[in-house]
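Some notes on the structure that comes next.
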Amino acid sequence: MIQDNNFTLENFENLKNGDKYSFDLLYNEYNLILYRTALLILGNKDDAEDVLQDTFLSIYKNINSLTNFNKLRPWVFSILKNFCYTKYKKKKREFPDEFVLDKADIESVSSGEDEFLLNKEIEEALLKLKQKEREVIVLFYYDDFSIEEIAEICKTFKGTVKSRLFRARNNLKKELMKIGQDFNENFSEKENIYE
């Protein structure tokens, strides 16, 4: 996905020097897409908001560790992914997987405020996937990252991302078929992941 040019290299350098206006620009550019990603991975509005806040706090504190402006987007999503994973592991200790849908904040996710989700059936099916499978589906289909970018974000190999995506698509298809949703109309091959 091509990065929107609202946040420029100049803003990046200014942010590294503590410029609050540049941080506001970064926040405005990434806020919604990061929130959506966290919401799709975690399935709970409150958790997504917590992770979003932690992500931006970490970005602000650690921006000086990033030297390459072109790596900003994957770096930001990597931070978000790590906070989502931590939150997910903490919640998993609190609630066994089989109760995830009962504990997920389904109604707030499906409200008109969050129109970016396709529908309740896909949302429920996504929440039934394992966390790492849900993560690659969200990054690939919702956030439009390439296999290489997902591998960088997840700090893993391209082959691992491809196998997780393949397994996730199959598991998502099974879940959607259980509830009667046509899998192909929502998640057809975006690109050949084996090229």
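As a quick test, which of the pairs Lys91/Lys174; Lys90/Lys128; Lys91/Lys128; Lys81/Lys178 have an alpha carbon distance above 21 angstrom in this structure?
From the list (Lys91/Lys174; Lys90/Lys128; Lys91/Lys128; Lys81/Lys178), the Cα-Cα distance tops 21 Å for Lys91/Lys174; Lys81/Lys178.
What spacing in nm lies between the two simple spin-label points modelled at Ser146 and Lys120, each 7 Å away from Cα in the Cβ direction?
Between Ser146 and Lys120, the simple spin-label model gives 4.0 nm.
Ranked highest first by the average count of other Cβ atoms within 10 Å around their residues, in what order do 46-59, 133-146 fall?
Per-residue mean Cβ counts within 10 Å order the peptides as 133-146, 46-59.
No value in this document is a laboratory result; all are computed from the given coordinates. Note that the structure is a prediction, hence the values are computed from the model and not measured. Cβ: placed from backbone, ideal geometry, glycine included. Neighbour counts: every protein chain shown.
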